[in-house]
Amino acid sequence: MAEFTADIVWERGAQDFLKGRYSRRHLMRFDGGAEVAGSSSPHSVPLPMSDAAAVDPEEAFVASLASCHMLWFLAIAAKRKFCVDRYTDGAVGIMAKNAQGKVAMTVVTLRPEVAFSGEYLPTREQLDQLHHEAHEECFIANSVRTDVRCEPVYGNA
């Protein structure tokens, strides 16, 4: 068993909290020392009460799924002796009502694009298998009810 932590810090200051006129900007502090500005999404709470430059929970959710998939993909590719030079992902999450009528992140689509080098390059079928295995192993994808899809962008494979 492993434990993971995040400290979330928000302070009201002189803002009019009871009238809803307060900033949703806060600080997310992680165990390794990284600090990230957080906020509600401007889609949920209008500007200026939200901070569009900060990371909102929905973006963090999408990023955690994409990051987990990528890390598993890299580990599996290395094990199979495929040399990955670059991995990018334009992941997108969709908020909509779920089957219970609640607003939820219903679909996250990963769109990884991977560049390889070396003598041993994966076939399209092998690349699909790498993504499938990464998805199956991803701790975050295994933890959520969201439909997580992987639609790779094929370049030099």
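The values are calculated or read from the model by the stated rules, or taken from the named source; none is laboratory data. As the structure is a computational prediction, the values presented were derived from the model and not from experiment. Reconstructed Cβ throughout: ideal geometry from the backbone, glycine too, with neighbour counts over all protein chains shown.
In table form, for the structure just shown:
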item: Residue match in region 115-131 (condition: among the aromatic types (Phe, Trp, Tyr), at pLDDT below 95 and either surrounded by fewer than 17 Cβ atoms within 10 Å (Cβ to Cβ) or in a helix (DSSP H, G or I) (or both)); result: yes
item: Some residue of region 34-50 being in contact with a Gly (Cβ under 6 Å, 6 or more places away or on another chain) and at pLDDT 95 or above; result: no
item: Test: residue in region 60-68 that is among the polar types (S, T, N, Q), under 17 Å from the mean Cα position of the chain (by Cα), surrounded by fewer than 17 Cβ atoms within 10 Å (Cβ to Cβ) and at pLDDT 95 or above; result: yes
item: Selection within region 132-152 - free of Cβ contacts under 8 Å to residues at least 60 places away in the same chain and either among the acidic types (Asp, Glu) or farther than 26 Å from Lys102 by Cβ (or both); result: His132, Glu136, Asp147, Glu151, Pro152
item: Residue satisfying all of: in region 79-94; surrounded by 15 or more Cβ atoms within 10 Å (Cβ to Cβ) and part of a strand (DSSP E or B); farthest from the chain's Cα centre (by Cα) among these; result: Val84
item: Matching residues in region 23-62 - criterion: being of a type in the set (Phe, Trp, Tyr) and under 20 Å from Thr146 (Cα atoms); result: Phe61
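Quick grid of which residues meet (1) aromatic (Phe, Trp, Tyr); (2) in contact with a Phe, Trp or Tyr (Cβ under 8 Å, 6 or more places away or on another chain); (3) exposed (fewer than 11 other Cβ atoms within 10 Å of the Cβ); (4) without any contact (Cβ under 8 Å) to a residue 60 or more places away in the chain:
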{"site": "Glu11", "(1), (2), (3), (4)": "no, no, yes, yes"}
{"site": "Ala34", "(1), (2), (3), (4)": "no, no, yes, yes"}
{"site": "Ser41", "(1), (2), (3), (4)": "no, no, no, yes"}
{"site": "Asp51", "(1), (2), (3), (4)": "no, no, no, yes"}
{"site": "Leu74", "(1), (2), (3), (4)": "no, yes, no, yes"}
{"site": "Ala96", "(1), (2), (3), (4)": "no, no, yes, yes"}
